[in-house]
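Note sheet for the following structure.
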Amino acid sequence: MAIEEAVHLVTDDSLRGRLRFMEGLYGLTGYKRQKTKVAIVSTMSNGVGSLEQRVLPWMQYHVEMGVTHFYVFYDGEDPKAVEALSSLPFVTVLTAKPELGADDEVQTRYAEHMGHKHSYSSSDGSVEKSNELLMTKQTFAMNEGVRAGHADGMDWLLHIDSDELFVPRAHASIPQSFEAVDAGEPTIRFMNLEAQLEAGDVASPFLQVTLFRNHQYLTTKESHHYRSTF
């Protein structure tokens, strides 16, 4: 399939078709028979326009790889995006915004969390920079995902962004990769390979990006100078 064909115009009909496809795909994965239940928690603010083009293909990949559930902390402004995500049986939408349906307990926890001093905040404890603000919200999302995952009986919770793919190198599925981990390990940290945009008009990074930057722990000391330069 050509890139031009894959990156198509999103319409109400195409979004509904994609949602129906995703629901059917999920029913065929045999998730109820999985020995290990792995969920994903992620923070996103996509409007309904980019939902089909970016978020749903990301979910589709992970559903096919065995992920049981998604906990989406939605920090955007589009109620139609919340409605679309909530229509999927394997997605739980979490939000702290009352206009999007947040309950009082979540709003209270969010206010307390955002008011705390964080390790990546400025010296006076306030969260000012956009990246610091995002990291603070992601930490809240992770905490809420752990809370919801416990209630739903999940075994592992994978915290990744919607522009990241978890690729199990030595196993056929994501649950199998976690089954290989010692049961006594409470937390695992994965080294990531950052995609590098090779053009300014990338519309679908999963289809168009082919260049990846190696993780710093997998590079030689001699390469660090060139890494920082480029």
* Which helices count as membrane-span-like in the chain under these terms: full DSSP H, at least 18 Å along the axis by C-alpha, Kyte-Doolittle mean of -1.0 or more? -> 12-28, 130-152
* Structure fact -> So the carbon and sulfur contribution to the accessible area of segment 1-117, 1.4 Å probe, in percent, is 51
* Structure fact -> Checked the chain against the a/c 1.5 cut and the a/b vs b/c comparison, axes a ≥ b ≥ c from its Cα gyration tensor; verdict rounded
* Structure fact -> Most fluctuating of Ala111, Ala199, Ala96 in the GNM of the chain (C-alpha, under 10 Å) is Ala199
* To do: Under a 10 Å cutoff between Cα atoms, tell me which one of Ser204, Ser87, Ser42 has the largest fluctuation in the Gaussian network model of the chain.
  => Ser204
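Given +1 on the Cβ of Lys and Arg, -1 on the Cβ of Asp and Glu, and no further charges, what dipole in debye does the chain carry about its Cα centre, rounded to the nearest 20? Write down the numbers at each step before the final one.
Working: 20 positive and 32 negative charges, 138 e Å.
It works out to roughly 660 debye.
What FRET efficiency do you get for Ala183 and Met114 if R0 is 30 Å and r is their Cβ-Cβ distance, rounded to the nearest 0.05?
Details: r = 35 Å, r/R0 = 1.15.
So, using R0 = 30 Å, E works out to roughly 0.30.
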* **segment 132-230: GluC sites (Glu not before Pro) in DSSP loop, at most 14 other beta carbons within 10 Å** => Glu198
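So, for the chain, what is the accessible surface per residue at a probe of 1.4 Å, expressed in square angstrom? All intermediate terms of the calculation are to be shown ahead of the outcome.
Numbers: 14060 Å² over 230 residues.
Heavy-atom accessible area per residue stands at 61 Å².
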* To do: For segment 135-230, build the charge dipole from Cβ charges (+1 Lys, Arg; -1 Asp, Glu) around the Cα centre, then report which of Ala148, Ala203, Leu193 sits farthest towards its positive end.
  => Leu193
* Structure fact -> Under the rule rounded for a/c under 1.5, else prolate if a/b exceeds b/c, else oblate, using alpha carbon gyration tensor axes a ≥ b ≥ c, segment 1-113 is classed as oblate
* **Within segment 15-118, GluC sites (Glu not before Pro) in DSSP loop having at most 16 other beta-carbon neighbours inside 10 Å** => Glu77
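The values are calculated or read from the model by the stated rules, or taken from the named source; none is laboratory data. Please read these numbers as outputs of a predicted model, since none were measured by experiment. Methodologically, a virtual Cβ is constructed for each residue, glycine included, from the backbone with ideal geometry; neighbour enumeration extends over all protein chains shown. Note: accessible area is taken over every heavy atom of the protein model, side chains too, but ligands, DNA and RNA are not part of it. Shrake-Rupley method; radii C 1.70, N 1.55, O 1.52, S 1.80 Å.
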